[in-house]
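For reference, the structure is listed below as structure tokens.
The values are calculated or read from the model by the stated rules, or taken from the named source; none is laboratory data. Keep in mind that this is a model prediction, so the values were computed, not measured. Positions of Cβ are backbone-derived with ideal geometry, glycine not excepted, and every protein chain shown enters the neighbour counts. All accessible areas refer to the heavy atoms of the entire protein, side chains included, with ligands and DNA or RNA removed. Shrake-Rupley method; radii C 1.70, N 1.55, O 1.52, S 1.80 Å.
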Amino acid sequence: MLNRIRSLFAGDDDAEPGEDALQAAAAALMVEAARTDDTISEAERDRILSVVRRHFKLSGDEAQDLLSAAVFDTEDVSPYLRYVSIIMERCPPGQRLWIIEMLWEVAYADGVLNDLESSLLRRIGGLLHISDVERGEARKRVLARLGLPDDAGLPV
């Protein structure tokens, strides 16, 4: 699996499109969300692993491979537009909200939503053609799933 993921991140034309590309794109976007404060905390790493295992039904090793490849690929630049494009191409409009929910989970991994995380989620939501209302509803579902209050992490 790691070789397939690496070829997707490298833009290898021989890489097979489909679910693997969506997984790679989603993982890269979650890493970008986690890295908005210039570091990826242990809580954020654990949350990304948990989310990709649950959502994509991956083993622990597969989830770790996916996360490692995403961290390596996104280290030098902020390439999230490339990953948004993959999601736009391969995921029907009515099924794109899952990525926003994943990103909310990562943003709230440390229990605090900072301005940079909020801004990134708003930008990615716009690029995925997800309305502010849908993004807000996704946020509320994640807060409920995590057992956090509706106003968790919001600036005062």
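The table below lists the values:
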{"quantity": "Unique residue being of a type in the set (G, A, S), more than 21 Å from C91 (Cα to Cα) and under 13 Å from the mean Cα position of the chain (by Cα) when the list is S68, S50, S41", "calculated": "S50"}
{"quantity": "Which listed residue is within 17 Å of Q23 (Cα to Cα), modelled with pLDDT of 95 or more and not β-branched (V, I, T), from L49, L67, L103", "calculated": "L49"}
{"quantity": "Where A63 falls short, out of the listed (1) under 16 Å from E32 (Cβ atoms); (2) free of Cβ contacts under 8 Å to residues at least 24 places away in the same chain; (3) surrounded by 14 or more Cβ atoms within 10 Å (Cβ to Cβ)", "calculated": "(1)"}
{"quantity": "So A69, is it in a helix (DSSP H, G or I), touching a helix residue (DSSP H, G or I) at 6+ places or on another chain (Cβ under 6 Å), small (G, A, S) and open to solvent by less than 50 Å² (accessible area, probe 1.4 Å)", "calculated": "yes"}
{"quantity": "The listed residue being in a helix (DSSP H, G or I) and at pLDDT 90 or above, out of G126, G94", "calculated": "G126"}
{"quantity": "Residue within region 104-116 that is assigned to a helix (DSSP H, G or I) and open to solvent by 50 Å² or more (accessible area, probe 1.4 Å) present", "calculated": "yes"}
{"quantity": "Pairs, first touching a residue at least 12 places away in the same chain (Cβ under 8 Å) and open to solvent by less than 50 Å² (accessible area, probe 1.4 Å) in region 131-144, second of a type in the set (D, E) and assigned to a helix (DSSP H, G or I), C-beta under 6 Å, six or more apart", "calculated": "A138/E101; V142/E101; V142/E105"}
{"quantity": "Sole residue being of a type in the set (D, E), over 20 Å from L128 (Cα atoms) and not in a helix (DSSP H, G or I), chosen from E75, E44", "calculated": "E75"}
